[in-house]
Structure formats: structure tokens, C-alpha cells
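The values are calculated or read from the model by the stated rules, or taken from the named source; none is laboratory data. This one's a predicted model, so the numbers in the text were calculated from it and none came from an experiment. Every residue, glycine among them, receives a Cβ derived from its backbone with ideal geometry; neighbour counts consider all protein chains shown. Areas reflect the complete protein model, heavy atoms only, side chains present, ligands, DNA and RNA absent. Shrake-Rupley method; radii C 1.70, N 1.55, O 1.52, S 1.80 Å.
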Amino acid sequence: MRTIGLVTTSRADYGIYRSVLEAIHSSDDLELRLFVSGTHLSREFGFGVREIERDGFAIAERIEMLLSSDSPEGIAKSMGLGTIGFAQAYARSAPDILVVLGDRFEMHAAALAALPFNIPVAHIHGGESTEGAIDECLRHSLTKLSHLHFTATDEYARRVIQMGEEPWRVTVSGAPAIDSLRSFSPVPVAELESFCGMSLPTRGFLLVTFHPATLEHKAAGAQVEEVFAAILESGKPALITMPNGDTGGREIRARIAEFVSKGRPARSVESLGSKRYFSIMARAAAMVGNSSSGIIEAASFDLPVVNVGSRQDGRVRGQNVIDVACERTGIGRAVARAISSEFRESLRGKGNPYGDGRASERIASRLSTQDLGKGLLRKRFHASGSATNG
């Protein structure tokens with residue numbers, strides 16, 4: 001059987017991957033080899049490896065790489081440690097194809113380490129843009145390190161080809177996160193409320209997910225305070241999820257803890273897991289912050305999103321997204337618009353620009369049938385062309 005090494009480094013990518021994992025695991029032609037790293041192995045960030053274990057996926061390798069620091073030096077050193085750790089894992093047992101996703105520095109370390117081993121890399125969610133973060137550079141670097149590309153939209157496929165990738169390497173698969181929503185069954189409300197420690201009436205609260213915009217990481221604390229001020233002004237209680245391990249993340253965490261401790265109508269959670277997160281999205285009045293989930297998954301719930309600041313600049317978005325600068329007055333006006341019944345009603349039937357919910361089928365099919373000969377590894381710069389629709 002063909003072995004597919006898949007790298008997961010955080011709760012964010014694991015939720016996106018779930019349908020792909022299931023498709024590979026159930027295939028008669030593919031054997032899943034799971035490489036777990038990043039915040040999954042950190043108790044500070046919720047020890048996400050437990051969710052993987054509960055889901056029953058066997059873990060082939062655990063690669064420790066994160067230092068207990070989110071400074072620029074700490075992140076750069078973690079990237080180096082990750083490259084060393086993944087190299088050691090591949091030396092023990094190299095997969096036939098390595099699958100990576102998105103734009104994280106942990107993913108970049110995994111792909112970079114694969115290069116000397118001549119392991120073909122398949123990249124999911126290439127061609128996108130996150131102009132407010134260092135992820136913008138990492139994503140496009142991952143594209144050039146990769147040999148197969150699974151993009152979420154036609155526009156993103158064209159961007160990958162603009163970077164010189166040959167069209168036959170590119171498949172417009174759609175976003176895998178949408179696949180899980182086809183069979184999504186909400187977690188019971190009582191269970192959600194017990195887990196979160198607050199009442200969660202339908203359309204009665206805000207979901208807040210705010211990460212550092214790493215090109216502006218020194219302003220992270222001040223930026224999240226602008227979000228908090230607008231939330232208080234809205235009069236809606238808030239469920240706040242903790243940020244990732246990027247530079248500036250710990251400052252945001254400290255501000256969240258302080259905000260919640262002052263008796264505000266808010267609760268914070270380290271990690272909801274994808275099923276609870278989707279269930280919360282289905283009930284929230286609106287989402288506020290700068291998470292990619294607001295750009296990609298939220299449209300499938302007709303969920304209004306107030307997208308704050310520059311972190312997601314450059315991405316395709318649905319009509320549910322209201323873009324606003326990181327300034328409390330503007331955020332407040334956007335929240336008021338988002339929670340209005342008129343805006344919610346305007347979203348009905350608009351659909352999701354990120355696919356039809358069959359991305360994992362297309363990805364698994366290409367992974368099982370792709371010729372792994374020298375033609376895959378030998379990359380030629382291509383000036384123009386069109387992608388292959390899955």
C-alpha cells in the first residue's frame with residue numbers, strides 16, 4: 001500500500017484535516033502515517049493530541065519542537081528544532097507522500113525537512129493570502145517546496161500557477177473543512193453549556209477568536225483591547241477561544257484572562273474541538289476576530305462575521321464577512337450590523353465560496369493514483385496555464 005504521511009500541528013489544522021484523515025484511513029490503496037507536532041504536544045495549548053487519540057487515529061511520530069517562548073527568536077528556534085525533529089522521523093520511516101496544510105511555521109519545518117529525502121509533498125490550501133501575517137511568506141514557500149497542490153478555489157489555483165507551478169500538479173479540491181459539515185450533528189446544548197461554563201442561547205452571544213497579526217505583533221495586546229471594548233458596548237455575552245502559538249499570542253492570552261476575571265459577561269476556553277466549535281458557530285449571533293474559520297467555515301452556517309484587522313487580508317470571502325479596522329468604534333458598528341436580523345436574513349441561500357463538501361474525496365483519489373516517478377519530483381517552472389478541476 002502507498003503510505004501517506006500527514007502532518008498535524010494544531011487544533012486548527014486538525015479540524016480541517018478530519019475528513020481527509022477519514023478518507024485516507026478508509027481507502028484500500030492508502031496507509032495513513034500521522035506525524036503530530038506543534039501545540040498538539042503542549043499542555044499550555046490544551047494538549048490537542050488527546051483529541052486525536054480519542055478519534056482513534058494511530059500516531060506514527062510525535063515531534064516536539066515548540067520552545068516555551070513566542071518571541072521572534074523563540075519562533076525561529078522552534079522552526080529549527082522542528083526541521084531537525086522531522087528529519088529524524090523521516091530517517092526512521094519515510095512516507096511515499098507527505099501531506100501538509102496551510103501556512104504555519106511548523107508545517108514549513110516538516111516540508112523543508114522532506115526536501116533532502118526526495119519525499120513528494122502535497123500541499124492543501126495553497127495560493128491563499130494572509131497579508132497581515134508572516135504566514136503569507138510561509139504559505140507561498142510551502143507551494144514551491146511542494147509537488148502536488150490542492151486549492152480551495154479557482155482563484156487560488158491561478159495564483160499557484162502564477163508562481164510557476166505546472167497546471168497538472170494543481171487540483172481545485174475545495175476546502176476540506178466544508179466536508180465535515182455535510183454530516184455535521186450539533187453537540188447538545190446542555191453539553192456545550194457545561195463545557196463552556198455559560199449560557200449559550202441561540203443568537204444570544206458572540207463567538208470571539210482573535211489571533212496575533214504577526215506583522216504587527218507588538219500591538220497585539222492593544223488590538224485585543226479594542227475588540228473587548230466593542231464587545232462590551234454590544235451588550236452581548238462572549239465566548240472567547242484562546243489564540244495560537246504565534247508571536248504575540250501570550251500577550252493576548254494574558255489580556256483575555258484579565259478581561260474574563262473582572263466579572264465581565266464572558267468566558268474563555270482553551271480549545272473547543274471541531275465538533276463543539278461548529279456547534280457554537282451554529283448558535284452564535286455573530287463571530288468576531290480574525291480567524292480563518294470566519295472566512296472559510298462560517299458561511300456554511302450563515303454566520304455573520306466581523307473580521308478585524310489585516311490578518312486575513314487577501315482571502316476570498318463570502319457575503320457574511322464584514323471587514324473592519326482594529327478600532328473599537330468601527331468594530332462596534334460592525335457588530336451591531338452583524339447581529340441585526342436584517343443582515344442575517346440577507347445571507348440565506350448565498351452559499352459558501354470554498355467548495356461543495358467533497359474535497360477529501362478528490363484529495364484521496366489524487367494521492368492514490370498519482371504516478372510517483374521522477375516526473376513528480378522534477379519541477380519545471382511553468383509560465384501560464386489552467387488548473388485541473390477535481
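If only residues of segment 167-214 that are aromatic (Phe, Trp, Tyr) and either part of a loop (DSSP other than H, G, I, E, B) or open to solvent by less than 40 Å² (accessible area, probe 1.4 Å) (or both) are counted, the one that is nearest to ILE231 (Cα to Cα) is PHE205. Every listed requirement among (1) open to solvent by 70 Å² or more (accessible area, probe 1.4 Å); (2) modelled with pLDDT of 95 or more; (3) under 30 Å from GLY248 (Cα atoms) is met by PRO72 save one, (2).
Condition first: touching a residue at least 12 places away in the same chain (Cβ under 8 Å), open to solvent by 60 Å² or more (accessible area, probe 1.4 Å) and not in a helix (DSSP H, G or I). Now tell me which residues in segment 353-381 satisfy that. Scanning segment 353-381 gives ASP356, ARG358, LYS379, ARG380, PHE381. Identify, by number, the condition in (1) part of a helix (DSSP H, G or I); (2) in contact with a strand residue (DSSP E or B) (Cβ under 9 Å, 6 or more places away or on another chain); (3) among the small types (Gly, Ala, Ser); (4) within 28 Å of ARG158 (Cα to Cα) that ALA334 doesn't meet. In the conditions (1) part of a helix (DSSP H, G or I); (2) in contact with a strand residue (DSSP E or B) (Cβ under 9 Å, 6 or more places away or on another chain); (3) among the small types (Gly, Ala, Ser); (4) within 28 Å of ARG158 (Cα to Cα), ALA334 misses (4) alone. Of all the listed residues (VAL224, VAL288), the sole one being open to solvent by less than 20 Å² (accessible area, probe 1.4 Å) and assigned to a helix (DSSP H, G or I) is VAL224.
Answer yes if at least one residue in segment 118-129 is farther than 23 Å from ASP313 by Cβ and in contact with a Pro (Cβ under 8 Å, 6 or more places away or on another chain), and no otherwise. Let's see the steps before the verdict.
Applying the first criterion (farther than 23 Å from ASP313 by Cβ) to segment 118-129 yields 118-122.
Narrowing the set further to residues that are in contact with a Pro (Cβ under 8 Å, 6 or more places away or on another chain) leaves 119.
Taking every residue of segment 118-129 in turn, at least one turns out to be farther than 23 Å from ASP313 by Cβ and in contact with a Pro (Cβ under 8 Å, 6 or more places away or on another chain).
Condition first: aliphatic (A, V, I, L, M) and either open to solvent by less than 10 Å² (accessible area, probe 1.4 Å) or in contact with a strand residue (DSSP E or B) (Cβ under 7 Å, 6 or more places away or on another chain) (or both). Now tell me which residues in segment 18-37 satisfy that. Matches in segment 18-37: VAL20, LEU21, ILE24, LEU30, LEU32, LEU34, VAL36.
With the structure loaded, tell me whether SER291 is hydroxyl-bearing (Ser, Thr, Tyr), touching a residue at least 24 places away in the same chain (Cβ under 8 Å) and in contact with a strand residue (DSSP E or B) (Cβ under 6 Å, 6 or more places away or on another chain) or whether it fails that test. Show your work before the answer.
Working: hydroxyl-bearing (Ser, Thr, Tyr): yes; touching a residue at least 24 places away in the same chain (Cβ under 8 Å): yes; in contact with a strand residue (DSSP E or B) (Cβ under 6 Å, 6 or more places away or on another chain): yes.
Yes; evaluated as a whole, the condition is true for this residue.
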